[in-house]
Amino acid sequence: MAAESDRAQRGIQSIEVGGQLLRALVHHGRPMALKDLAREAEMSAAKAHPYMVSFGRLGLIEQDRTTGHYLLGPLALQLGLISLQQANPVHIATPLIAELAQQIGHTVAIAVWGDRGATIVRIAESPAPLHVNMRHGTVFSLTNTASGRLFGAYLDSAVVKRLLEEERQREQKAPVAPPQRGMPPVQPLPGWKDFEAQLHEVRAHGLSRSEGEILPGVCAMSAPVFDHTGAIVLAVTAIGPAAIFDTRWDGEIAVALKACADQVSARLGATLSRP
């Protein structure tokens with residue numbers, strides 16, 4: 001059985017070798033001379049040339065007639081477009097948040113933007129005995145949660161202004177509840193000018209954070225995932241007890257969240273420019 005499994009997993013070495021040339025072309029993102037491609041793929045130009053001829057016949061690459069440089073061909077572009085169409089952000093991110101929860105020791109969730117706001121669709125529980133629970137379907141406030149402000153920072157400003165006004169109207173219509181013991185006092189919603197300053201801070205750090213806004217002693221941090229158009233498609237959010245949750249912009253949790261979100265964004269074809 002083991003021998004059969006080995007045979008089933010065996011690939012074609014020449015394809016893998018030639019694939020290094022395509023990888024180099026994609027990595028640099030610009031037309032390249034044969035000698036430069038060969039150097040990146042750690043082979044001689046004489047060895048690289050037959051691969052490029054075959055790739056050209058398949059339409060994976062094409063050659064500029066003026067400069068002789070190679071660039072991606074029509075088949076490669078079609079494959080890329082189909083891949084982007086088939087990419088499911090939540091499906092890609094789900095296994096990664098399980099690893100992230102183990103790495104940072106806190107619960108991690110995926111939130112997408114829905115009709116009512118940022119909504120939890122996936123959860124990876126913390127491995128630690130002391131952790132904060134979240135529930136699927138929970139909708140985050142736009143103004144006083146890490147996930148809500150994150151989407152607010154990267155959605156169209158006209159949309160965010162409208163959502164802020166709608167949240168303000170709901171607050172005005174809601175009955176005034178008596179303060180609950182042990183809970184932080186309810187803060188009035190910020191005006192657009194103040195809220196815009198908060199969103200600017202989110203964009204400056206490429207992260208959003210919340211420290212005891214909803215529940216005393218509970219903190220959260222959230223990182224954005226972008227698609228190939230540069231639009232935010234989901235948030236990767238970590239939440240945990242304040243006593244053991246590192247909310248520094250350059251702390252362990254922040255770095256891990258960014259790395260996870262960037263990995264998903266890269267799979268979706270995003271071009272990242274992190275702060």
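The values are calculated or read from the model by the stated rules, or taken from the named source; none is laboratory data. Because the structure is a prediction, the values reported are computed rather than measured. Here Cβ is always computed from backbone atoms with ideal geometry, including for glycine, and neighbour counts include all displayed protein chains. To get the accessible areas, we keep the full protein, side chains included, count just its heavy atoms, and leave off ligands, DNA and RNA. Shrake-Rupley method; radii C 1.70, N 1.55, O 1.52, S 1.80 Å.
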* Structure fact -> Of (1) open to solvent by 50 Å² or more (accessible area, probe 1.4 Å); (2) at positive phi; (3) not hydroxyl-bearing (Ser, Thr, Tyr), Arg116 fails just (2)
* To do: Identify, from the list Ser222, Ser208, the residue that is in contact with a Lys or Arg (Cβ under 6 Å, 6 or more places away or on another chain) and modelled with pLDDT of 95 or more.
  => Ser208
* Asked: So which of Ala45, Ala128 is among the aliphatic types (A, V, I, L, M), at pLDDT below 85, over 24 Å from the mean Cα position of the chain (by Cα) and surrounded by fewer than 18 Cβ atoms within 10 Å (Cβ to Cβ)?
  -> Ala128
* Run Thr229 past the list (1) hydroxyl-bearing (Ser, Thr, Tyr); (2) at pLDDT 95 or above; (3) surrounded by fewer than 18 Cβ atoms within 10 Å (Cβ to Cβ) and report the number of the one that doesn't hold. => (2)
* Asked: Checking Asn88 against (1) in contact with a helix residue (DSSP H, G or I) (Cβ under 8 Å, 6 or more places away or on another chain); (2) at pLDDT below 90, which test does it fail?
  -> (1)
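Filter the range 139-163 down to the residues that are outside any helix (DSSP H, G or I) and within 20 Å of the chain's Cα centre (by Cα), then identify the one that is surrounded by the fewest Cβ atoms within 10 Å (Cβ to Cβ).
Among them, the one singled out is Asp156.
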* Structure fact -> Of the residues in the range 189-216, those that are assigned to a loop (DSSP other than H, G, I, E, B) and either within 15 Å of Leu257 (Cα to Cα) or touching a Leu at 6+ places or on another chain (Cβ under 6 Å) (or both) come to Gly206, Leu207
* Structure fact -> Checked Pro95, Pro129 against criteria (free of Cβ contacts under 8 Å to residues at least 40 places away in the same chain, in a helix (DSSP H, G or I) and not basic (Lys, Arg)); the one match is Pro95
* To do: For the range 8-30, name all the residues that are surrounded by 13 or more Cβ atoms within 10 Å (Cβ to Cβ) and either over 28 Å from the mean Cα position of the chain (by Cα) or hydrophobic (A, V, I, L, M, F, W, C) (or both).
  => Val17, Gly18, Leu21, Leu22, Ala24, Leu25
* Those residues of the range 11-38 which are free of Cβ contacts under 8 Å to residues at least 24 places away in the same chain, in contact with a helix residue (DSSP H, G or I) (Cβ under 9 Å, 6 or more places away or on another chain) and over 18 Å from His49 (Cβ atoms), in sequence order -> His27, His28
* To do: Please name all residue pairs, on different chains or six or more residues apart, with Cβ atoms under 6 Å, provided the first residue is in the range 254-272 and is farther than 17 Å from Met221 by Cβ and the second residue is open to solvent by 40 Å² or more (accessible area, probe 1.4 Å) and in a helix (DSSP H, G or I).
  => Gly269/Leu84
* **Hey, Ala109 among the hydrophobic types (A, V, I, L, M, F, W, C), crowded, with 17+ Cβ neighbours inside 10 Å, in a helix (DSSP H, G or I) and at pLDDT 85 or above or not** => no
* If you scan the range 233-265, which residues turn out to be crowded, with 24+ Cβ neighbours inside 10 Å and either outside any strand (DSSP E or B) or of a type outside the set (A, V, I, L, M, F, W, C) (or both)? -> Thr237, Gly240, Ile253, Leu257, Ala261, Val264, Ser265
